1. Would it be correct to say that G179 is surrounded by 15 or more Cβ atoms within 10 Å (Cβ to Cβ) and either touching a Phe, Trp or Tyr at 6+ places or on another chain (Cβ under 9 Å) or at pLDDT 70 or above (or both)?
2. Can you tell me which residues in region 420-455 are in contact with an Asp or Glu (Cβ under 9 Å, 6 or more places away or on another chain) and at pLDDT 90 or above?
3. Considering (1) assigned to a helix (DSSP H, G or I); (2) modelled with pLDDT of 75 or more; (3) hydrophobic (A, V, I, L, M, F, W, C); (4) over 21 Å from W204 (Cβ atoms), say which one L127 fails and leave the rest.
4. With respect to I426, is the statement that it is in a helix (DSSP H, G or I) and buried (at least 21 other Cβ atoms within 10 Å of the Cβ) true?
5. State all residues of region 162-182 that are under 25 Å from the mean Cα position of the chain (by Cα) and of a type in the set (A, V, I, L, M, F, W, C); if no residue qualifies, say none.
6. Within region 31-45, take every residue that is of a type outside the set (S, T, N, Q) and within 21 Å of the chain's Cα centre (by Cα) and give me the one that is surrounded by the fewest Cβ atoms within 10 Å (Cβ to Cβ).
Amino acid sequence: MTRQSFVYGALILVMAGFFNRFIGFIYQILMIRLIEPEGVGLFNMVYPIYIMALVLAGAGIPVAIAKLVAEEVAKNNLSGAYRIFYLALACIACTSLSFTCLIIIGTPFLKAHIFPRPDAYSCFFALIPAIMIVSLCSAYRGFFQGLQQMTPTAVTQIAEQIVRISAGLTIAYLLLPKGVAYAAAGLSLGVVCGELVGFLLILWIYLARRPPVGTLPKYAPERPGAIALRIFQLAVPVTLTRFISTALLSIDALLIPRRLATSGLSLSEATAVYGQLVGIAEPLLFIPSIITISLATALVPAMSDALAQNNLALVRGRCEEAIRLTMLAGLPAATIFLLLSEEFCTVFFGYREAATALSVLAIGGPFLYLQQTTIGILQGLGRAGRPLKNLVLASLFKITGIYYLTAIPGVSIRGAAFSLVTGYVIMAFLNYRDLKLITNFRPDWHYVLTKPLLASLGMAAVIWQAKENIPALIFPPLFQLGLYLLLGGITYIGLLIITGGLHIHDLNRLKQLFKIR
C-alpha cells in the first residue's frame with residue numbers, strides 16, 4: 001500500500017465523511033420523526049457517558065499508534081512500526097475488556113444516581129457490547145493512519161454508518177409500540193451492529209493488505225518497555241483530553257435538561273427541548289466537521305512525519321493549509337445556518353422552534369471548526385496536553401453559563417446555546433495561541449481568513465436579498481431552501497475566484513481523488 005499525501009488522505013476522509021453525514025442526516029430526520037425529540041433527548045442523555053467509557057477503554061492508544069507508526073515509517077523502519085502496533089493492540093484489548101466489566105458492574109449505580117430519567121437505563125445497557133469492539137477497531141485504524149493510508153478508515157466508517165442506520169431504525173420501529181425508551185434502546189443496538197461490521201471489515205483489510213516487512217532495512221528491535229513508555233507518554237494526555245471532553249459532554253447532557261426544568265418546563269418538555277438542541281441544531285452545525293475532523297485525523301501522522309524529518313517549514317505550511325481549508329468550509333456554513341436556521345429546521349425536521357438554538361450556535365461555528373483542526377495539529381506535534389488545559393478552562397465558562405443562563409425563564413435553551421458558543425470561542429483562541437508559541441506559526445491572514453470572510457459576507461447579502469424578494473408561496477419549502485443555497489453557493493465560489501481565495505492547485509487536488517494511486 002502506498003503512502004498518501006496529507007491533503008489527499010484528508011480528502012479521502014472528507015468524501016467518506018460527506019457520504020456518512022448525508023445518510024446520517026437522513027437518519028437524523030427519520031429518527032426525529034419516528035421517536036420525536038423526547039426519544040432523541042433520552043438517547044443523547046446516555047450517549048456521552050458511553051463515549052466516555054470508550055475513551056477510557058481506548059486509553060488514547062489509537063492516536064499514539066498513528067503518531068508512532070508514522071515516525072517509524074518516516075525512518076523506513078516498518079518492522080519497528082509493527083512492534084509498536086502489536087504491543088499497543090495487546091494493551092488496548094486489556095483496557096477495553098477491563099472497562100467493559102466495570103461498566104457492567106456500575107450500570108445500576110448510574111441508573112439510580114446519574115441518569116436524569118431512570119428509563120434511560122435500557123438505552124445505555126444496550127450500548128455496552130460496543131465498547132470493546134470500537135476500541136479494537138480504532139487500533140487497526142490508527143495503524144493504517146500511521147501509514148498515511150486513510151482509505152481503510154473511510155471504507156469502514158461508511159460500512160458502519162450504513163449498518164448502524166438501517167439496523168437502528170428497524171429495531172427502533174419494531175420496539176416503538178413498547179414505548180419511547182425501548183425505541184431509543186433500539187437505536188443503541190443499531191450502534192452495536194454497525195461497529196461490529198466495521199471491526200470485521202478493518203480486520204479483513206489488515207489481513208489482506210498489510211504491507212510486508214521483508215523488503216525494508218532491519219533495525220535493532222526496541223525493548224517492549226521502551227515502546228510502552230513511548231505509547232503512554234502520548235496516550236495519557238490524549239486520554240485525559242478526551243475523557244474530560246466527554247465527561248463535560250456528559251455534564252451537559254445531565255445538566256441542561258435539569259436547568260431547563262428549573263426554568264419552568266416539565267421534565268418531559270425539558271427532555272424534548274434538549275432533544276431539539278442535540279438532535280436537530282447540533283447535527284446541523286456539525287455538518288462542516290466532515291472536513292475539520294478529517295483534517296484533524298490526517299494531521300496527526302502528517303505532523304509526526306514532518307517532525308521526524310525535522311522540517312519545521314513543512315510543519316508550518318501544513319498548519320496554514322489546514323486552517324485555510326477550515327475557514328473555507330466553516331465561514332460559509334456558519335453564515336448559512338445563521339440566515340436559514342428556520343428553513344433547515346422546518347423543512348428537514350418539522351420543528352421550527354429548533355431554529356432558536358441553531359441561530360445562536362451558528363455564531364460559534366467557525367470557532368468550533370477551528371478548535372477541531374488545531375487539536376489535531378497539537379496532537380500531531382506531540383503536545384496533546386495543551387488542548388487538555390485549554391478544554392478545562394473553556395469548559396469552566398461553558399458550564400457556568402449553562403447553569404445560570406439556562407435556568408432563566410424566557411432565556412432557557414438560548415442560554416445553553418450561548419454557553420456552548422462561549423466554550424468554542426475560548427478553546428479555539430487558546431489552541432491557536434499554543435500553536436504560535438510552539439511552532440512560531442504566523443499565517444497569512446489575508447489569504448487564510450479575509451478572503452473567505454469577504455466571500456461569505458457577499459453570499460450572506462445575496463441570500464438575504466433572495467429571502468426578501470422571492471415570495472415564499474411561489475415555490476415549495478424544500479425547493480425554496482435549495483434555491484437560496486444555490487444562489488449563495490454560486491456567489492461564494494465566484495467571489496473566492498475573483499479575490500484569489502481559490503487557486504488552480506485546489507482544483508488539481510480534487511482531481512487527484514479520481515486518479516488511481
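1. Here the answer is no, as G179 does not meet what is asked.
2. Across region 420-455, the qualifying residue is only L420.
3. Single failed check for L127: (1).
4. Numbers: in a helix (DSSP H, G or I): yes; buried (at least 21 other Cβ atoms within 10 Å of the Cβ): no.
In short, no.
5. Matches in region 162-182: I162, V163, I165, A167, L169, A172.
6. At the first step, the residues of region 31-45 found to be of a type outside the set (S, T, N, Q) are 31-43, 45.
So of that shortlist, the ones also within 21 Å of the chain's Cα centre (by Cα) come out as 31-32, 40-43, 45.
Details: M31: 27, I32: 22, V40: 27, G41: 29, L42: 29, F43: 29, M45: 26.
Filtering region 31-45 for residues that are of a type outside the set (S, T, N, Q) and within 21 Å of the chain's Cα centre (by Cα), the one surrounded by the fewest Cβ atoms within 10 Å (Cβ to Cβ) comes out as I32.
Results for (1) in the same structural domain as I29 (by TED's automatic domain parsing); (2) at pLDDT 90 or above; (3) more than 20 Å from the chain's Cα centre (by Cα), shown as yes or no for each residue.
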residue: M327; (1), (2), (3): yes, no, no
residue: E343; (1), (2), (3): yes, no, yes
residue: F349; (1), (2), (3): yes, no, yes
residue: R352; (1), (2), (3): yes, no, yes
residue: L361; (1), (2), (3): yes, yes, no
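Yes/no per residue for (1) at pLDDT 80 or above; (2) surrounded by 20 or more Cβ atoms within 10 Å (Cβ to Cβ); (3) not in a helix (DSSP H, G or I):
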| residue | (1), (2), (3) |
| --- | --- |
| S188 | yes, yes, no |
| V192 | yes, yes, no |
| L200 | yes, no, no |
| L203 | yes, no, no |
| Y206 | yes, no, no |
| T215 | no, no, yes |
| G225 | no, no, no |
| I231 | no, yes, no |
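The values are calculated or read from the model by the stated rules, or taken from the named source; none is laboratory data. Predicted model, so just to flag it, every value in this text is computed and none were measured. Don't worry about glycine lacking a Cβ; one is built from the backbone with ideal geometry, like all the others, and counts go over all protein chains shown.
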